[in-house]
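**Student:** Let me give you the structure first, and then I'll get to my questions.
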C-alpha cells in the first residue's frame, strides 16, 4: 500500500527490507502521507474492515463488490471509532479490543504451514 501511495518516501521505501507488524507499517505510511491522528485512525479502521471482508470471502465465497460495499458502508461506524480513539487515555480504553487479536492471529498464521481456509 505504501509503495502505491508514497513510493519515493524514504521511510516507505525502507519498509520493503523490514518485517514489520501491520500497525507499525500503517503508522509509517500515515506519517509519509502527512496524516494526523484522526486520519491515521481512519486508515486503520478501514484496513481492519477490509481484512475482515477479505477473510469473509474465503469463508463464504460471494461477490467481492458486495464486500467492498460493506466496507464503504462502515463509514459512520469507523468515524465513531475514530472519535472514541482520540478521546482514549491509553490502550485499555481504546474502542477496538479485537484489533490486537487480529494482529496476534495473523502473526501465528504467517508461521503456519497448513491452510487456514480449506475449500
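The values are calculated or read from the model by the stated rules, or taken from the named source; none is laboratory data. These figures come from a predicted structure and were not determined experimentally. Glycine gets a Cβ as well: all are built from the backbone with ideal geometry, and neighbour counts include every protein chain shown.
**Student:** Tell me, yes or no, whether the stretch 59-80 has at least one residue that is at pLDDT below 90 and surrounded by 11 or more Cβ atoms within 10 Å (Cβ to Cβ).
**Tutor:** no
**Student:** Further question: Condition first: outside any helix (DSSP H, G or I) and under 23 Å from residue 25 (Cβ atoms). Now tell me which residues in the stretch 48-89 satisfy that.
**Tutor:** 74, 88
**Student:** Right, another one. Filter the stretch 78-107 down to the residues that are over 14 Å from the mean Cα position of the chain (by Cα) and touching a residue at least 24 places away in the same chain (Cβ under 8 Å) and list them by number.
**Tutor:** Once the filter is applied, which keeps residues that are over 14 Å from the mean Cα position of the chain (by Cα) and touching a residue at least 24 places away in the same chain (Cβ under 8 Å), the stretch 78-107 yields 79, 85, 86.
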